[in-house]
Amino acid sequence: MEIYVLLKQVPATDSQIRIADDGVSIRTDDLRLVINPYDEFAIEEALQLKAIHEGTVTVISVGTDKTQEAIRSALAMGADKGIQIEDPALAGCDALTTAKVIAATLQPLSFDLVIAGHRAVDDDNFQVGPAVAEYLDIPHIPFVIQETVADGKITCHRTIDGGTIVLESSLPALLTTQRGLNEPRLPSLPGIMKAKSKPLEVKGLADIGLDAETLGEPLTRILSLNLPPERKAGRIIEGESPEEKAVALVEALHGEARVI
Amino acid sequence: MSNGVIAIAEQADGVFRKVSYEALSEGKRIADALGQELTAVVLGSGIEALSASLASYGADRILVADNDALSEYVTDTYTHVLGEILAKEQPAVVITGASTQGKDLSARLSARLGASLAMDVVSIRVEDQNLVATRPMYGGKILADTLLLGSPQMVVIRPNAMTRTESAGAGVIERITTDVGERQLSFVEKKLETGKVELTEADVIVSGGRGMGGDDYAVVEALAEALGGAVGASRSAVDEGWRPASDQVGQTGKVVSPNLYVACGISGAIQHLAGMGTSKFIVAINRDPDAPIFSKADYGIVGNLFDIVPLVTEEVKKLKG
Ligand SMILES: Cc1cc2nc3c(=O)[nH]c(=O)nc-3n(C[C@H](O)[C@H](O)[C@H](O)COP(=O)(O)OP(=O)(O)OC[C@H]3O[C@@H](n4cnc5c(N)ncnc54)[C@H](O)[C@@H]3O)c2cc1C
Ligand SMILES: Nc1ncnc2c1ncn2[C@@H]1O[C@H](COP(=O)(O)O)[C@@H](O)[C@H]1O
């Protein structure tokens, strides 16, 4: 199986996010960058599929040269190849532009499966996976927690609000991952060593047959970033006994806060 | 010329999601601001009578695609039908709810239509005939004001973030008879966790974390039931296998904003706070007085949750009694 994993490098989830002076981007100094957690599920699933069906796992990432660290980590987990797309024209591009770039990269290649995260935990767009599938004109299944490939088809369990459904799709297809799919492995020491010599191709827009003009201006533009209103610490409910505290809490919730 | 606001109302098994009413109400507000009509669109099977009820949320027209092949949400059929409707209607704005279905459908539609999209929006304003959507990024650590350009402009609104307002609309029903397109996906089966309140739509959530010490969530469940709410969990509790992944609240779980969030035995890690920090009211019950959760909670109780929570449940029952 030829499997492609879409990988985005994002700030670690325990990061404090600070707004840059321009007011529309975030400060990146001191920011620890990691593989988007949902993309780790994607890499792991691809590796497990490769273990059954053989083939190649290739990681694609659109980003700056910093992104190479994330690609190398994926290679250290066991992916075979990396493709990094970088172009000055892509600075500040939106989800649909990213998706067009990824689709243009995949178009000439032969693949059975593309795996993306259901969202990147920086922009939280939930958009790139389905959009790539649309541009490639292949089916996609979102929020997958279990899959099996057999007889040229893939069967997926996906989460919906309040339950799960099972869907079947022809291949090639694109999946987006959901928590519960697997437990991503950590890169092993030999894996890290091997990763250094695995192929990592760097491409610009021209290499994938695109240019800034064809891509056009992004359709969404961030006007400003703001911190949400800071929550202030409230009141500790005091009392001599658990009973007193419970009574005082319910009174406060009813009388003062009026939420019950 | 693009014109009008289209609100896609999501129904499952003959019931509209709460967020569908929020989408219509907000759609009506935008339509009024633009001086345009509000049109509701409903897809499903056996849904015509249900759809008529949307007139009381300001819909001037209600487009109903009633088809056996649409009884279950499958991305390709739904995208095909909506793609046809939107291509014909040429709306200026499309609004829908950020349920798992709404997120998936809108993402694929945005690419098909070349439409700007803002996901998981918490407020919307109109500026020079364009929409500016406020939406959380970085798991809620940042709020971004995003300008949408082109047409249509799609806004996918976060459940529980906007108000539901009734207003009379003409509600003229039009039947849509478009085919469902070529199918590459087939529906096999659906398993519902029966009787569960969907976390993102719950008014009250009682969550248990590692402090639960095991998979016995009876005390938390009892309080949730007394308050008419849902049960959530921290990632630690999910990792321990005490609760299903669908219960996880946080940056890599569900982002919720109920009226009341009760955190029991949860320390308040930044990833957890990112998922519930916009709750209108937060209560923390934790035996460690220095737990970070207390710095975000409106009310805190320091103590053993197994002592406190059942007593709180009793008091709530007395009050509601
Ligand atoms: C990439 C990544 C993503 C993450 N995403 C999420 C996410 O989406 N959601 C999330 O929740 N976490 C997430 N985390 C994990 C997060 O960092 C914390 O580890 C987790 O939230 C802690 O869960 P907890 O509060 O239940 O457990 P702990 O931090 O162990 O806290 C348990 C608390 O219970 C209290 N306690 C113990 N016993 C009792 C008792 N009997 N009565 C009262 N109080 C008691 C303790 O004082 C303590 O404060 C993520 C981490 C990473 C690295
Ligand atoms: N710059 C990128 N490079 C490669 N893949 C990406 C990029 N941005 C998003 N993706 C993929 O799309 C998924 C959803 O991202 P988003 O739509 O931005 O929330 C991510 O989990 C990745 O798999």
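The values are calculated or read from the model by the stated rules, or taken from the named source; none is laboratory data. Here the structure is a predicted model, which is why all the values come from computation and not from measurement. So basically every Cβ, Gly included, is an ideal-geometry build from the backbone, and we count neighbours across all protein chains shown. Heads up: the accessible areas ignore ligands, DNA and RNA and are worked out on the full protein's heavy atoms, side chains in. Shrake-Rupley method; radii C 1.70, N 1.55, O 1.52, S 1.80 Å.
Apart from one condition, B:ASN259 fits all of (1) more than 16 Å from ligand 2 (Cβ to nearest atom); (2) more than 7 Å from chain A (Cβ to nearest Cβ); the exception is (2). Among the residues of the stretch B:195-204, not one is away from chain A (no Cβ under 11 Å) and either within 13 Å of ligand 1 (Cβ to nearest atom) or surrounded by fewer than 20 Cβ atoms within 10 Å (Cβ to Cβ) (or both). For the stretch B:187-194, the count of residues that are in contact (Cβ under 8 Å) with a residue 40 or more places away in the chain, at positive phi and either among the hydrophobic types (A, V, I, L, M, F, W, C) or more than 9 Å from every other protein chain (Cβ to nearest Cβ) (or both) is zero.
Considering the stretch A:59-178, the qualifying strands (runs of 3 or more DSSP E), each wholly inside and each with 3 or more residues that are of a type in the set (Gly, Ala, Ser), run over A:163-170.
When the stretch B:286-307 is filtered for residues that are under 16 Å from A:GLU240 (Cα atoms) and within 7 Å of chain A (Cβ to nearest Cβ), the ones remaining, listed by number, are B:GLY300, B:ILE301, B:VAL302, B:GLY303, B:ASP307.
Does the stretch B:157-166 contain any residue that is farther than 30 Å from A:LEU171 by Cα and within 16 Å of ligand 2 (Cβ to nearest atom)?
yes
Filtered by the rule that a residue be facing chain A (nearest Cβ under 7 Å) and open to solvent by less than 60 Å² (accessible area, probe 1.4 Å), the stretch B:308-321 gives B:ILE308, B:LEU311, B:VAL312, B:GLU315, B:VAL316.
Only one of the numbered conditions (1) open to solvent by less than 10 Å² (accessible area, probe 1.4 Å); (2) out of contact with any helix residue (DSSP H, G or I) (no Cβ under 9 Å at 6 or more places or on another chain) is not met by A:ILE115, and that is (2). Mind checking which residues of the stretch A:229-258 are open to solvent by 40 Å² or more (accessible area, probe 1.4 Å), within 7 Å of chain B (Cβ to nearest Cβ) and closer than 18 Å to B:ALA224 by Cα? Result: A:VAL247, A:HIS254. Each residue in the stretch B:205-239 was checked for being open to solvent by 10 Å² or more (accessible area, probe 1.4 Å) and within 19 Å of the chain's Cα centre (by Cα), and 3 of them qualify. One residue stands out in the stretch B:262-277 among those that are more than 6 Å from ligand 1 (Cβ to nearest atom) and more than 7 Å from every other protein chain (Cβ to nearest Cβ): the one that is most open to solvent (accessible area, probe 1.4 Å), namely B:LEU273. Across the stretch B:167-204, the qualifying residues are those that are among the hydroxyl-bearing types (Ser, Thr, Tyr) and under 25 Å from the mean Cα position of the chain (by Cα), and the one among them that is nearest to A:LEU174 (Cα to Cα) is B:THR200.
Could you count how many residues in the stretch A:118-166 are farther than 18 Å from A:GLU2 by Cα, open to solvent by 30 Å² or more (accessible area, probe 1.4 Å) and either more than 7 Å from every other protein chain (Cβ to nearest Cβ) or in contact with a Ser or Thr (Cβ under 7 Å, 6 or more places away or on another chain) (or both)? Counting residues in the stretch A:118-166 that are farther than 18 Å from A:GLU2 by Cα, open to solvent by 30 Å² or more (accessible area, probe 1.4 Å) and either more than 7 Å from every other protein chain (Cβ to nearest Cβ) or in contact with a Ser or Thr (Cβ under 7 Å, 6 or more places away or on another chain) (or both) gives 5. Pairing residues of the stretch B:279-306 that are closer than 16 Å to B:LEU260 by Cα with residues that are of a type in the set (Phe, Trp, Tyr) and surrounded by fewer than 20 Cβ atoms within 10 Å (Cβ to Cβ), at Cβ distances under 7 Å and at least 6 apart in sequence or on separate chains, gives B:ASP298/B:PHE281.
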